[in-house]
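Input: a single structure, listed below in structure tokens.
Rule-based calculations on the coordinates, nothing more; no lab input. Predicted, not measured: the structure shown is a model, and the values here were computed from it. Cβ atoms come from the backbone with ideal geometry, glycine included; neighbour counts cover every protein chain shown.
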Ligand code: B12
Ligand code: SF4
């Protein structure tokens, strides 16, 4: 007889975090998304997984360079964040939308925070799914941009992306709390930095536990996924075994997969390689495998771009769920 | 492994600190045994001297991995599977990368069969200084005819050095295949609850590894494995069935977890390598071939991560094989140390005193990316790999492993003199290390050009900027 025992040392559940407020919660979202709440590694038989994986599809506040296979799907909506968001939800089945305010970067268009906030309003009106709001990645400007965005989105419980150690995370946390949002705690492939930032958000900025989601950084298949995978798996295991500084749901910038040469280059730069085949099929599967690996490591929320990747990732994670 | 501290292994060593193993002390050698970077055979006294024979045998038993290691095939391309000791790669590392076997059938036209076998054999994808390869051929007896099967097996082994799997539930068919391939140590697929007696006898008679198969039935699977082990068959592989979709797939995933967890936790009766069959994706009713191929890659990914040691695959589309071989590499690299190249001056092509000098880091992924970008574009140059402890450009600039001092040190150690060995006294830095430009100029007394962010753009950069004015 085959016998199997559950792991006794997995005693601490992951915090469940809601994103989006419906009218019942004082917001205008049509539904609320729940992430986290696990008591075991993903899809393991030790405990029921309470919430399925969620996918949020990117929208940018300006036309940007995208891999050809991705761009094909968005070309006609790229000048209108509202239309873009709608397409993501209606056509591509997005659970959430992420609006990236990249034009605010001083080196891009230096769009003022006030202006950028209007884009957030536009997206909130165009779709009724919960939204994540991202800055440009500029550490000087992001706190101001995100604080302003948080203000116009008051009461909607958006996910503000991101607080990190290299910028004024306190300002971002403060705005999130004041206007009723969640905070994405982003560190770069380092479990100890992740603990430090979470601790600061909780102790110094008083962010309640049910408002923190972590992004421990996603590196693409072939370009550091070995680090990203293990970083997430270690974080999740440490959390399940009681490290209260890590018991939060995780989010992945899965679109990083499009940075891998294998997903966008026309053909191999090396003539010795076997044929790489058509790139329009390589890119989406690169995004799928990158995301799927992290789903197995413990990731909850996926920031993605290609519609096929979204569909397949949802299919497999919901099959295993 | 039954022990986990060097002290416990030390007890079984000669304790003379003779140094023949290359370690200064027996204790140091014991640590290598525990982290599996050394083998007992590396200690000559232990192996040679009769008086240690008993200790050696005991130690080998204690050090044996929890999951049995099984070898398929012979020669350079032998496929070793299993041999793991942990459930999570960061706890040690996973050993013996998941092996990818691609199917052929005995009903294929000869020309098509040979072509496919060649394609499997010749596949390669360059990655950090080596080629990622496919591992073997699974020959399926679609005809159920012993003579036909034997002929197909013969054709396959004539055309490849790769290991093969003989696939049939019919013992007569398997025997016909074995007669042809008996010197090749093929894997038999498979024994099940109906044919196990005959197939078990074949495994013993021909001394080959064998798969025991029980679809979604771990009790039967375990009892088959136990029966075989008791009959003296050591090289066993487990097939708990791979359902391609729906609840069946969830069950399959759960089965893999349960089997591996039980094995690692010490249930030796089921501590064998596991076989996954992503090719069942083609039987799941997906009609469009791209989608079927995608789904196969999805199944392959799931079971590469969660404990599949060997798998049967069908799609040879590049968009299937490329992510598959990359993911196996990802999960099975040793997480204890970054992969690095020697820190020294490399020649790309045939550089001379007018050729450009560039530097990069000794992180293998970085070095080989840059090197291949230069070489494949015919740029003859000198490329210095600075010792950044195996960290890439951006992370080592951020973490302080790549500094002007480090660059200077690397030039000095390599013996390359910018003032004598080249005429231009110029160095090109990675674009992502631009902020070191001034420092490097000061430290080296040389001119510094900032290169592009991505080495893929070096050809265009060279056209514009080389030779320097
Ligand atoms: C994998 C990774 C790690 C791994 C590193 C593994 C390793 N062995 O290198 C680990 C987990 C260890 C790590 C740690 C850290 N990381 Co890190 N990491 C990454 C990640 C995800 C990928 C980097 C990578 O491997 N790229 C692929 C290689 C091939 O690129 P590359 O070396 O740069 O080479 C390219 C170019 O530089 C150029 N090139 C290279 N050589 C040459 C030479 C010439 C002449 C030319 C012209 C061009 C050229 O071409 C190459 C091919 O495109 C990036 C984010 C990302 N997605 O890019 C962050 C990233 C690099 N990390 C970052 C940081 C901050 C860190 C840490 C400081 C985090 C921390 N708080 O601990 C530590 C530092 C660790 C240390 N130095 O000790 C930041 C750097 C930010 C910055 N610009 O300062 C990044 C960009 C993440 C981010 N967005 O914030 N990291
Ligand atoms: S060779 Fe054997 S006896 Fe000699 S130092 Fe190494 S472990 Fe000890």
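Legend: ranking of residues A:87, A:271, A:71, B:250 from fewest to most surrounding C-beta atoms inside 10 Å; resulting order A:271, A:71, B:250, A:87. DSSP beta bridges in chain B, what fraction antiparallel, as a percent rounded to 5? Close to 25 percent.
What is the antiparallel percent of DSSP beta bridges lying wholly in the range B:67-170, to the nearest 5?
Within the range B:67-170, antiparallel bridges account for around 45 percent of the total.
Ordering B:227, B:220 by the number of other Cβ atoms within 10 Å of each residue's own Cβ, fewest first, gives B:227, B:220.
Looking at chain A, what % of its DSSP beta bridges pair antiparallel, to the nearest 5?
15
Take the Cα of residue B:454, step 7 Å toward its Cβ, do the same at residue B:442, and the gap between the two points is 3.4 nm.
Given their separation in residues at 0.36 nm each and the Cα-Cα distance between them, residue B:268 and residue B:194 gain 24.2 nm when the chain is fully extended.
What whole-number distance in Å separates the alpha-carbon centres of the range A:157-188 and the range A:1-76? Answer, in whole Å: 18. The fraction of all Cα pairs in the protein assembly as shown landing in successive 10 Å bins from 0 to the largest distance is 2, 12, 20, 23, 21, 14, 6, 1, 0, given as whole percents. Working ranking of peptides A:172-185, A:51-64 by packing, defined as the average number of other Cβ atoms within 10 Å per residue, highest first, is A:172-185, A:51-64.
When you restrict to C-alpha pairs under 8 Å that are six or more residues apart and normalise by the size of the range B:69-332, the relative contact order lands at 20 percent. Once both labels are positioned 7 Å from their Cα atoms along Cα-to-Cβ, the gap between residue B:130 and residue B:464 label points is 3.8 nm. Sorting the segments B:152-158, B:174-180, A:227-233 by their residues' average number of neighbouring beta-carbon atoms within 10 angstrom, most packed first, yields A:227-233, B:174-180, B:152-158. Please give the Cα centre distance for the range B:211-271 versus the range B:39-88, rounded to the nearest Å. What the calculation gives is 23 Å, centre to centre. For the segment A:273-280, counting C-beta atoms of other chains within 10 Å of every residue's C-beta and taking the mean gives 6. Say each of residue A:62 and residue A:241 gets a label point 7 Å from the Cα, pointing the same way as Cα to Cβ; how far apart are those two points in nm? Taking the two extended label points, one gets 4.7 nm. Taking the Cβ-Cβ separation of residue A:76 and residue A:52 as r and a Förster radius of 30 Å, what is the calculated FRET efficiency to the nearest 0.05? The pair residue A:76/residue A:52 has a calculated efficiency of 0.45.
Across peptide A:1-11, the average count of Cβ atoms from other chains found within 10 Å of a residue's Cβ is 4. What separates the Cα centres of the range A:94-148 and the range B:139-178 is a distance of 61 Å.
Legend: mean number of C-beta atoms from other chains within 10 angstrom of residue C-beta atoms, peptide B:327-334, equals 5.
Ordered by packing density, taken as the mean number of other Cβ atoms within 10 Å over each peptide's residues, highest first, how do A:211-224, B:454-467, B:114-127, B:323-336 rank?
Numbers: A:211-224: 24.4, B:454-467: 15.1, B:114-127: 18.1, B:323-336: 22.3.
Listed from highest to lowest mean packing, they are A:211-224, B:323-336, B:114-127, B:454-467.
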